[in-house]
């Protein structure tokens with residue numbers, strides 16, 4: 001950039017800042033009119049507007065968006081957000097927007113500490129909310145925390161003992177987030193009955209089960225399975241049993257009838273993580289003399305081993 | 001013995017609450033390595049621990065249950081078990097020395113993660129009719145103990161000063177507890193400690209009937225393999241247990257960090273070589289050598305011929321019996337385990353065990369050094 005460009009960029013930035021500031025000022029004035037509080041800073045109207053169910057959804061959601069730092073940055077406003085989210089008679093869209101802001105506020109560990117218990121209680125209550133998006137969000141958040149109440153609900157739902165809060169394959173994924181649970185039967189179902197994304201997740205989670213080597217090897221070798229799922233099965237098998245993966249990967253890498261993309265993935269992995277095997281490297285050298293991605297990957301392995 | 005269904009277990013505990021002699025029978029259910037606990041999830045194990053401990057508030061807390069209470073307060077990561085441990089202490093008239101510090105450690109660990117629990121039933125459904133939290137129960141117990149123990153009253157006062165740290169409800173509980181303790185004029189001294197605080201004094205263990213079986217085969221993080229008895233023989237050793245997928249930072253991660261310090265101190269004392277240090281994984285199928293190595297190094301472990309981590313490749317059941325390992329398993333991996341460290345003499349017999357609490361490295365080193373009576377034999381293991 002020339003000095004002129006720099007100066008112009010600086011001027012543009014200053015104009016943008018001034019414009020944003022003016023826009024915010026106008027908004028605060030509008031907010032104060034909507035909230036009606038005149039004897040405090042205009043930003044104090046933000047929680048009043050959010051909580052006012054008589055106002056239009058768009059107005060309330062705009063406050064949540066524009067005043068997120070205010071609403072998510074003070075304890076009493078967090079209480080307001082939780083009240084809005086927990087009001088089953090309120091607008092789903094406003095509740096969802098408030099929940100988004102609550103979730104963001106939850107990252108402020110010290111500020112949020114006094115409210116985390118009530119937040120988790122709120123999420124547990126949302127598991128039976130009529131609004132699907134709220135149920136899914138609550139379940140996903142509780143799943144990451146390995147919440148025992150959620151896990152019980154999901155387990156009973158998968159056994160058809162009660163209604164699941166989320167779609168069945170999502171429920172399995174949420175349970176699978178806890179690798180200390182025995183989720184094998186559900187992961188087997190996810191792989192057996194799921195689409196490609198579900199099968200991908202199933203083989204990814206199977207990497208936590210010491211006895212899943214046979215299943216993962218079978219998927220890795222399965223020429224009828226999609227490339228991406230086979231590659232993930234390989235990654236999971238390598239995580240679980242590196243030597244076993246190495247043996248299978250070598251076979252696949254040298255199999256001219258196999259999926260080229262899977263062969264490339266095997267060669268690339270073996271390039272960096274494979275054990276020394278001069279016989280294998282010589283056979284790969286023969287591959288490297290051809291054309292295409294497999295040959296290129298083969299050359300990469302041979303050159304890497306030569307330089308190692 | 002088959003794994004009892006969750007409902008049966010809950011019914012059994014509820015029945016024992018009102019049974020004469022129920023406390024002793026409940027106590028017998030606490031060890032995590034009982035066959036009845038196999039196949040459960042960690043959450044179920046924590047729930048069971050908390051529910052049983054809470055029952056002692058009504059039945060009276062037996063002395064032998066105190067190590068479980070202290071363990072749950074200091075290393076428990078399931079809200080139910082921390083709450084239950086706090087409730088259990090209300091089954092005592094007088095608090096043992098040091099218990100207030102354990103309660104405060106629980107506060108520090110649970111603050112900001114004070115999940116709602118309930119003991120209204122074995123398997124309560126949400127929403128609970130009698131909700132509580134671990135910190136609520138800790139505060140109530142401090143109030144109970146504060147009738148006799150100034151340390152408990154001081155602890156409550158200290159908690160009241162920590163503004164914006166806890167939920168508003170908890171501050172009300174603290175204020176209520178302080179009022180109640182202020183009304184008490186009892187000035188009796190706390191009861192003598194009825195449990196061993198392993199920081200100060202490891203518990204001597206009676207010698208087992210046999211040393212490590214010769215058919216326990218191991219593989220080390222550096223690829224060395226052989227019999228575990230071969231590694232442990234002819235010199236005193238420090239042996240602890242862990243697994244790399246432990247998600248409780250107060251247990252395995254801290255155990256290995258402590259073991260690393262033990263190794264460092266032994267080295268400084270010029271003893272490493274005359275003694276050896278070993279950590280054995282509870283999860284041998286998953287904890288392959290590269291995982292053992294990475295886990296140890298990340299926690300400061302300096303590996304060498306006399307400082308190794310192992311996975312058992314054959315004879316794990318024999319090892320479990322040998323050490324009476326405090327571990328059990330769910331469908332995928334460990335579902336619960338205790339913290340445990342053993343000091344073995346040169347014959348491979350357990351001389352000292354520290355379980356359910358972490359032990360200061362210096363204390364461990366003093367214990368193993370005291371077993372040295374002959375120079376180390378030559379030859380590398």
How much mean residue ellipticity at 222 nm does chain A get from its helices, if each DSSP H run of length 4 or more adds -39500 (n - 2.57) and you divide by all residues, to the nearest 500 deg cm²/dmol? -22500 deg cm²/dmol
With all pairs of different alpha carbon atoms counted, what Kirkwood hydrodynamic radius in Å does region B:246-291 show? 12.1 Å
Equivalent-ellipsoid semi-axes of chain A, from the Cα gyration tensor, Å, largest first: 51, 31, 15
For region A:1-40, just run the numbers: alpha carbon Rg, then divide by 2.2 N^0.38 Å, N being how many residues it has. 1.85
No solvent, one uniform scatterer per C-alpha: report log10 I(q)/I(0) for the protein assembly as shown via the Debye equation at q = 0.05, 0.10, 0.11 1/Å, two decimals. -0.32, -1.14, -1.26
State the volume of the convex hull built on the alpha-carbon positions of region A:154-308, expressed per residue in Å³ and rounded to an integer. 107 Å³
Hey, could you get me the Stokes-Einstein D for region B:231-343, Kirkwood radius over alpha-carbon pairs, 37 °C and 0.692 mPa s, rounded to whole µm² s⁻¹? 230 µm²/s
Peptide ranges A:52-63, B:79-90 listed from the most packed, as the mean C-beta count within 10 angstrom indicates: B:79-90, A:52-63
On Cα atoms only, tilt of B:150-161 relative to the major axis of chain B in degrees: 80 degrees
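Within 10 Å of each Cβ in peptide B:243-250, how many partner chain Cβ atoms are there on average? Round it to a whole number, please. Provide the component values of the computation, followed by the final result.
Numbers: counts 0, 0, 3, 1, 4, 0, 0, 0.
Taking the mean over all residues of the peptide, I get 1.
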Mind checking the mean number of beta-carbon atoms from other chains within 10 Å of the Cβ atoms in A:150-159? 2
So for region A:43-128, Kirkwood radius off the Cα pairs, Stokes-Einstein at 10 °C and 1.306 mPa s: how many µm² s⁻¹? 126 µm²/s
Most mobile of B:172, B:47, B:140 per a Gaussian network model of chain B (Cα springs, under 10 Å)? B:172
Other chains' Cβ within 10 Å of B:165-171 residues: what's the mean? 3
With -39,500 (n - 2.57) per DSSP H segment of 4 or more residues and division by the full residue count of chain B, the 222 nm estimate, nearest 500 deg cm²/dmol, is -12000 deg cm²/dmol
If you line up the long axis of helix A:184-193 against the longest principal axis of chain A, both from Cα atoms, how many degrees apart are they, to the nearest 10? 80 degrees
Descending packing, highest mean Cβ count within 10 Å first, for B:265-274, A:78-87 is A:78-87, B:265-274
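Any read-out appearing in this document is the output of simple, stated calculations on the displayed coordinates, not a laboratory observation. Everything numeric here is computed off the predicted structure, so don't read it as measured data. All Cβ positions, even for glycine, are placed from backbone atoms using ideal geometry, and neighbour counts span all protein chains on display.
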